[in-house]
Amino acid sequence: MAVLPIVTVPDPLLKKVSEPVDKVDDKLRAFLDDMLETMYAAPGIGLAAVQVGHLKRILVIDIAGEEEDPNPMYFINPEITWTSEDLNTYNEGCLSIPEQYADIERPKECKVKFLDYDGAEQEIHADGLLATCIQHEMDHLNGVVFIDYLSKIKRGMYVRKVKKLIREKD
Ligand code: GNR
Ligand code: NI
């Protein structure tokens, strides 16, 4: 198991569309374990493979609170099959845009079809924070980050703040 470095804006990798996975095998499962460890270490509630430099359609999510038992979820080749007309606003953050937050409106509920850790096909109906997180992560697979929904001016401000943060960290 390993904690992997996280890619941050404005890295051009974050704008790329990720490729489907063709086989759920032990090698892929070892990568899923590393993604989960990286997400917990950050800490975050979701992580897309592109955020650790792999352009593959893979997500890990765990929205369990600190007091709850861990509840890791693995999504391979996820597809959103339905979204509600009702919308919901969450103050979103992103490990690739560290320490920056913005209110983002998205469908309140969604259904998502995917392969699980064992390569079995699943479909779930998500609501609340899980639905928001799934949609945020799906965006990563399509080269989109939450600041892309903001004005060009605000997006520029966020990117500048992240660059400064990273400069000061080194
Ligand atoms: O840790 C995260 N928190 C979060 C909060 C609100 C909406 C989405 C998220 S996902 C984010 C981790 C991340 O960057 N995933 O891509
Ligand atoms: Ni993110």
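The values are calculated or read from the model by the stated rules, or taken from the named source; none is laboratory data. Because the structure is predicted, anything quoted here is derived from the model rather than measured. No Cβ is skipped: glycine too gets one built from the backbone with ideal geometry, and neighbour counts run over all protein chains shown. Surface areas here come from the heavy atoms of the whole protein model, side chains and all, with no ligands, DNA or RNA. Shrake-Rupley method; radii C 1.70, N 1.55, O 1.52, S 1.80 Å.
List of remarks:
- Violating pairs (Cα-Cα greater than 30 angstrom) within the set Lys27/Lys111; Lys16/Lys152; Lys27/Lys152; Lys27/Lys161: Lys27/Lys152; Lys27/Lys161
- If the convex hull is drawn through the Cα atoms of region 1-79, its volume per residue in Å³: 98
- Under Karplus coefficients 6.51, -1.76 and 1.60, residue-wise ³J(HN,Hα) of region 51-58 in Hz, glycine/proline x: 5, 10, x, 10, 7, 10, 7, 9
- All lysines inside 21 Å of Lys154 as judged from Cα atoms, apart from same-chain residues fewer than 8 positions distant: Lys15, Lys163, Lys164
- In sequence order, calculated HN-Hα J values of region 157-170 (Karplus, 6.51, -1.76, 1.60; Hz; x Gly/Pro): 5, 5, 5, 4, 5, 5, 4, 5, 4, 6, 4, 6, 6, 7
- From the alpha carbon centroid of region 1-63 to that of region 72-111 is 16 Å.
- Database remark: amide H of Cys94 closer than 5 angstrom to the amide H of Glu99, Gln100 (H placed geometrically; neighbours at sequence offset of 5 or more, or on other chains; Pro and chain starts carry no H).
- Derived scalar couplings ³J(HN,Hα) [region 70-76; Karplus, 6.51 cos²θ - 1.76 cosθ + 1.60; whole Hz; x for Gly, Pro]: x, 9, x, 10, 10, 10, 10
- Taking amide H positions as modeled 1.01 Å from N, with prolines and chain starts lacking one, the residues under 5 Å from Ala64 and 5 or more places away or on another chain are Asn71.
- The alpha-carbon positions of the chain define a convex hull whose volume is 120 Å³ per residue.
- The dipole here belongs to the chain: it is taken about the Cα centre, uses +1 on the Cβ of Lys and Arg and -1 on the Cβ of Asp and Glu, and is about 1240 debye.
- Take the chain and mark each of the GluC sites (Glu not before Pro) that is in a DSSP loop with at most 14 other Cβ atoms within 10 Å; the longest unmarked stretch, sites excluded, is 100-170.
- Relative contact order of the chain: 24 percent, from C-alpha pairs under 8 Å at least 6 residues apart in sequence.
- Region 1-41: trypsin sites (Lys or Arg not before Pro) in DSSP loop, at most 15 other beta carbons within 10 Å: Lys16, Lys23
- Accessible area ranking (1.4 Å probe, heavy atoms, ligands and nucleic acids excluded), largest first, for Val145, Val3: Val3, Val145.
- Distance between the pseudo-spin-label points of Asp127 and Ala30 (7 Å out from Cα toward the beta carbon): 4.1 nm.
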